[in-house]
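Data block below; observations after.
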Amino acid sequence: PGRCSELRAVLRTLLPRARPAGPPAPPTKELTVQDVYNGTVTFLPLEENSEGKYQIKKCNIYQIQLTHIKDEEWSVSIVAPFPEGWFSDGIAYPKLAWLGDELLSKLAKWSVEQKPSNFKSTLSLISVAKYSKVYQDLKEKYREMVKVWPEVTDPEKFVYEDVAIATYLLILWEEERKEKGLTKKQSFIDLGCGNGLLVHILNNEGHSGRGIDVRRRKIWDIYGPETHLEESTIMPDDSHLFPNTDWLIGNHSDELTPWIPVIAARSSYSCCYFVLPCCFFDFHGKYSRRQSKKTQYREYLDFVAQVGSVCGFNVEEDCLRIPSTKRVCLIGKNRTYLHTEHAVIDKQITEYINNRQSCAVVTCDRRLEFNHKDYLEGVCKGGGSELPENETVAADTIWMPGFQPRGKVERIKNCASLPRDFVDDVVLSVANLLLNATPQKSYSDKHHGNMNTWNHGESLSLKEVAEHLNKETLKRLKSEFGGLQTLLKNNHQVFEVLNGRVHIRDWRKEKPSRKTKPEVKRCLSAEAFKTRLCWFFIHHPDGCSLPSESCPYAHGTEELRQSQIIKKKKHL
């Protein structure tokens, strides 16, 4: 009484991210009542009766309360008035323990954070409801790809990421057909298609198109003749235009990313593009930062968006729902100029590219399949030069003589190609350095009743570790693109690298696998059990910190078992 209070009611439809077991249920409705003056938000779940009307489901009501204590001290709490009847279905209604243990701490954290986002909200350009349904359908349809994935990359990440990207494009293209009154499904070219799964899904869903990549992948053989994939080098020139294609796709297309808006603009007035930038490339090589006030990722996205604008596109930005830190896509769907102004825009594009690199300095890169320096000299003298695909291109068709395409042979960049003996020597040297550092640390396993101390050494910074290695070793590590840190992280059985410091890994502190761990990863962990020798059992002065039955590695050759993963690969 005496307080003026304004309530704001919002009707929400809750869409499950995972498909529930059993027959599909209708979307859950919920009414949220916000009372800003009193600092409360009440969540009222609704259920539909036989007459098609909604009633409040009292057992699952909960409320979030914000209370002012004094000065700048506040408290946040969650109240469930009918806990005894609470029903959790794992989709729309969480467990009460999750509300108190997980959500409450996150609310407190989010309330005091000052992290303004530089990005759009997720899926801002399409219908989230439609996306959720199509994604679940495609995920179910292509989930078997996880089991037959022949590449060394993580199958779950790549399969479900490409399913999500395909879902986004299918809905985006459906909306475009409605806007433009089209009946025929859009055609596409995926430049730098990699494993080709995105092309496979789009082809299967009725869109004509093909994927082009400089290097053939093993998985291409699995797809069948309906999936169109081509091993070829894309050069930014007049011979690589696609006038009869509706959309160009750049999904982690690396050095081709800034060129895709240019290729789309010059292919035809109706050609559109979709890019998902990942690695940072300019027109002529690695992208160089120009602004320190932005993150490198935000700055690069702005650069690629600027390229699209210069090419005459109205560039739109959106965030995808994919398992990746680089999930912002840029879309060029509509032009900002008339068809008759094409020549003016083309000249503008040429000037912009030239300004990005007024004088291209090109060096011979050992990664290339051809001598790029000789190629450039041939162009500058007005002559022709052979391209990797045995094509000859006149000098006036080359858009950027300094462009360096990726080589067909992928160079390993994670120290994996180093000789095993060399790696073992570095691992042993670094381990002895940490174990013999002063002051020496030990660890008492009181929790398991073992009072014997086990030396887990001192932690040192990467710089300190590097100072104790000879110059030839460091030079060899750097030549492999990985460096010392990558080698140590690769040997995670022995080392733990945290915040730039190197530690001896103590397996007694390792947390057991979570029950929620994906089934595929849990199977891989079980199959790898005791398939490698325990480094600590052999080399550590105190032996392994774990008893044999608890250690995932073999304590001696008699415990070694053959890897089931190798057996599966041979079978495939």
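Which whole-number value in Å² is the accessible area per residue of region 153-358, probe 1.4 Å?
With all protein chains present, region 153-358 gives 40 Å² per residue.
Past 22 Å, Cα to Cα: identify those pairs from LYS106/LYS293; LYS157/LYS218; LYS184/LYS333; LYS139/LYS489; LYS29/LYS57, in the order given.
Flagged as over cut-off: LYS106/LYS293; LYS139/LYS489.
In whole percent, and with a 1.4 Å probe on the protein chains, what portion of the accessible area of region 153-358 is carbon and sulfur?
C and S fraction of accessible area: 49 percent.
Just to verify a number: FRET efficiency for TYR37 and ASP137, C-beta to C-beta distance, R0 = 30 Å, to 0.05?
Taking R0 as 30 Å, the efficiency between TYR37 and ASP137 is 0.10.
List the residues, sorted by chain then number, that are 5 or more residues from GLY209 or on another chain and whose placed amide H is less than 5 Å from its amide H.
Answer set, sorted by chain and number: PHE188.
In sequence order, what are the phi-derived ³J(HN,Hα) couplings for region 116-122 according to the Karplus relation 6.51 cos²θ - 1.76 cosθ + 1.60 with θ = phi - 60°, rounded to whole Hz, with x for glycine and proline?
Result, rounded to whole Hz: x, 7, 9, 10, 5, 5, 5.
Ignoring ligands and nucleic acids, what accessible area does LYS109 show with a 1.4 Å probe (Å², nearest 10)?
120
Sequence-distant or interchain residues sharing an amide H contact under 5 Å with PHE313, placed H: which?
THR336
Over region 7-112, with every protein chain in place, what whole percent of the accessible area is carbon and sulfur at 1.4 Å, could you tell me?
In region 7-112, the share of accessible area belonging to carbon and sulfur is 57 percent.
Would you tally the net charge around PHE280, using a Cβ to Cβ cut-off of less than 13 Å, leaving PHE280 out, and scoring K and R as +1, D and E as -1?
Result for the neighbourhood of PHE280: +1.
Considering only protein heavy atoms, with the full assembly of protein chains and a 1.4 angstrom probe, order PHE158, PHE280, PHE188 by accessible area, largest first.
My answer, sorted largest first, is PHE158, PHE280, PHE188.
Show the residues, 5+ positions off or on another chain, whose built amide H is closer than 5 Å to the amide H of LEU44.
Counting only residues 5 or more places away or on other chains, the set is LEU31, THR32, VAL33.
Please report the antiparallel percentage of DSSP beta bridges with both residues in region 153-358, rounded to the nearest 5.
40
With no solvent and one equal point scatterer placed on each C-alpha of region 153-358, evaluate the Debye formula and give log10 I(q)/I(0) for q = 0.10, 0.18 Å⁻¹, two decimals.
-0.41, -1.40
Determine one quarter of the surface area of the Cα convex hull of region 7-112, which equals its mean projected area, and express it in nm² to one decimal.
Approximately 8.3 nm², given one-decimal rounding.
Quick one: net charge of LYS293's neighbours, Cβ under 14 Å, K/R +1, D/E -1?
Summing Lys and Arg as +1 and Asp and Glu as -1 gives +2.
Region 100-160: Rg/Rh from Cα coordinates, Kirkwood Rh?
1.14
Spelling out what I want: for every residue of region 236-250, take phi, set θ = phi - 60°, compute 6.51 cos²θ - 1.76 cosθ + 1.60 (Karplus), and round to whole Hz; glycine and proline get x.
Couplings: x, 8, 5, 7, 10, 10, 10, x, 9, 9, 7, 9, 9, 10, x Hz.
For region 156-260, just say rounded, prolate or oblate: build the C-alpha gyration tensor, square-root its eigenvalues into a ≥ b ≥ c, call rounded for a/c under 1.5, and beyond that prolate if a/b exceeds b/c, oblate if not.
Cα axes put region 156-260 in the oblate bin.
How much of HIS339 can a 1.4 Å solvent probe reach, expressed as accessible area in Å² and rounded to 10?
120
Among LEU104, LEU460, what's the order by accessible area (1.4 angstrom probe), most exposed first?
Largest accessible area first, the residues go LEU104, LEU460.
Provide the per residue accessible area, probe 1.4 Å, for region 7-112, rounded to a whole number of square angstrom.
70
What does the charge dipole of region 7-112 about its Cα centre add up to, to the nearest 20 debye, if the Cβ of each Lys and Arg holds +1 and the Cβ of each Asp and Glu holds -1?
So the dipole magnitude of region 7-112 works out to roughly 320 debye.
On the full set of protein chains, 1.4 Å probe, figure out the accessible area of TYR160 and give it in Å² to the nearest 10.
Answer for TYR160: close to 40 Å² accessible.
Of LYS106, LYS29, which has the most accessible area and how do the rest follow, probe 1.4 Å?
Descending accessible area places them as LYS106, LYS29.
How large is ³J(HN,Hα) for each residue in region 204-220, as worked out from phi by the Karplus curve 6.51 cos²θ - 1.76 cosθ + 1.60 (θ = phi - 60°), to whole Hz, x for Gly and Pro?
With coefficients 6.51, -1.76 and 1.60, one gets 5, 8, x, 9, 6, x, 8, x, 10, 9, 5, 9, 6, 10, 4, 5, 4 Hz.
The values are calculated or read from the model by the stated rules, or taken from the named source; none is laboratory data. For clarity, every value in this text was computed on a predicted model and none was experimentally measured. Note that we place each Cβ from the backbone using ideal geometry, even for glycine, and neighbour counts take in every protein chain shown. We work out accessible area using only protein heavy atoms, side chains counted, and drop any ligands, DNA or RNA first. Shrake-Rupley method; radii C 1.70, N 1.55, O 1.52, S 1.80 Å.
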